[in-house]
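Visitor: Pasting in a structure now, in structure tokens, and then I'll have a few things to ask.
The values are calculated or read from the model by the stated rules, or taken from the named source; none is laboratory data. All figures in this text were calculated on a predicted structure; none of them were measured in a lab. Don't worry about glycine lacking a Cβ; one is built from the backbone with ideal geometry, like all the others, and counts go over all protein chains shown. With ligands, DNA and RNA removed, areas are computed over all heavy atoms of the protein, side chains included. Shrake-Rupley method; radii C 1.70, N 1.55, O 1.52, S 1.80 Å.
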Amino acid sequence: MASLQGDATPLGSASKNLAALAERTALNDAEREYNSLFVGLGRGELLPYASYYLTGFLNEKPLADLRSDLMARGIKANANVKEPEDHIGTLCEIMAGIITGEFACDSDLPSQKAFFDAHLAKWAALFFTDLEKAQTAIFYTPVGTLGRAFMAVEAEGFAIQ
């Protein structure tokens, strides 16, 4: 991540900030911060799941809706991953896979927009804003900024359609 480059746009600026922090952050420190933010002793500072952000509870209807959508698209969960599929990282990976055509499903713009609208648009920007403001976030603050900026660009792009 230290090799990320950017420009004067919000996305570019967030990329440059993340690169600068990545260059001077030890892996152990980033791992410790991740655990404080997302794992914790009983629970982390943030719960990065669509179900939680949309209903206040884990493993709720947004997860069931996502699983139905993934099944309809022929996208299968990785057996090695123990996190529910509505985790923000997983959703971003799935969105990227749909965009790049990694999955054997429709990857045209209407399909991308449908996935974004159904599973990211309603909550992801709020999650990334919360990540930017999290008390224990240092390294992950620009991750939040980058994620929020990216979600804004995606939303604007799909609105143009």
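Visitor: Under a plain spin-label model, where a point goes 7 Å from the Cα along Cα-to-Cβ, how far apart in nm are Ser111 and Asn78?
Guide: Taking the two extended label points, one gets 2.1 nm.
Visitor: Run the numbers on the stretch 1-109 and let me know its relative contact order in percent, using alpha-carbon pairs under 8 Å that are six or more apart. Walk me through the numbers on the way to the answer.
Guide: Values: 90 pairs, mean separation 16.1, N = 109.
Over the stretch 1-109, the number comes to 15 percent.
Visitor: Turning to a different aspect of this structure: Pairs of alpha-carbon atoms within less than 8 angstrom and 6+ residues apart define the contacts here; what relative contact order does the stretch 6-68 have, in percent? Could you put the intermediate results ahead of the total?
Guide: Values: 34 pairs, mean separation 8.3, N = 63.
Across the stretch 6-68, relative contact order equals 13 percent.
Visitor: Taking 0.36 nm per residue of separation and subtracting the Cα-Cα distance, what length does fully extending Ala22 through Thr9 add?
Guide: Numbers: separation 13, 0.36 × 13 = 4.68 nm, distance 1.96 nm.
Working it through step by step, the gained length comes to 2.7 nm.
Visitor: Here's something else I'd like to know. Based on the mean of other beta carbon atoms within 10 Å per residue, what is the order of 23-33, 97-107, most packed first?
Guide: Details: 23-33: 12.0, 97-107: 14.1.
Highest to lowest by the protection proxy: 97-107, 23-33.
Visitor: How large is the accessible surface of Lys122 in square angstrom, using a 1.4 angstrom probe and rounding to the nearest 10?
Guide: That residue has around 140 Å² of solvent-accessible surface.
Visitor: Let me ask something else. Taking a probe of 1.4 angstrom, what is the accessible area of Tyr53 in Å², to the nearest 10?
Guide: Accessible area of Tyr53: about 50 Å².
Visitor: Picking from Ile138, Thr100, Gly12, whose Cα lies most toward the positive end of the charge dipole for the chain (charges on Cβ: Lys, Arg +1; Asp, Glu -1)?
Guide: Comparing the listed Cα positions along the dipole, Ile138 ranks first.
Visitor: Which semi-axis lengths, in whole Å and largest first, follow from the square roots of five times the eigenvalues of the Cα gyration tensor of the chain? It would help to have the intermediate numbers written out before the result.
Guide: On the way: eigenvalues 131, 84, 43 Å².
Result for the chain: semi-axes of 26, 21, 15 Å.
Visitor: How much mean residue ellipticity at 222 nm does the chain get from its helices, if each DSSP H run of length 4 or more adds -39500 (n - 2.57) and you divide by all residues, to the nearest 500 deg cm²/dmol? Could the numbers behind the result be given before it?
Guide: Values: 8 runs with 97 residues, N = 161.
About -19000 deg cm²/dmol.
Visitor: Assigning unit charges at the beta carbon (Lys, Arg +1; Asp, Glu -1) and nothing else, what dipole magnitude in debye, to the nearest 20, does the stretch 35-161 show about its Cα centre? Write down the numbers at each step before the final one.
Guide: On the way: 10 positive and 16 negative charges, 52 e Å.
Once rounded to the nearest 20, the dipole reads 240 debye.
Visitor: Principal axis lengths of the stretch 77-149 from Cα atoms, whole Å, largest first?
Guide: The Cα atoms of the stretch 77-149 stretch 40, 29, 18 Å along the principal axes, largest first.
Visitor: I'd like the Karplus ³J(HN,Hα) series for the stretch 34-48: coefficients 6.51, -1.76, 1.60, θ = phi - 60°, whole numbers in Hz, and an x wherever there's a Gly or Pro.
Guide: 4, 5, 5, 6, 10, 10, x, 6, x, 5, x, 4, 10, 10, x
Visitor: Filter Lys113/Lys133; Lys82/Lys113; Lys61/Lys122 down to the pairs with a C-alpha to C-alpha distance above 21 Å, please. Before the final figure, lay out each step's value.
Guide: Numbers: Lys113/Lys133 28 Å; Lys82/Lys113 27 Å; Lys61/Lys122 14 Å.
Exceeds cut-off: Lys113/Lys133; Lys82/Lys113.
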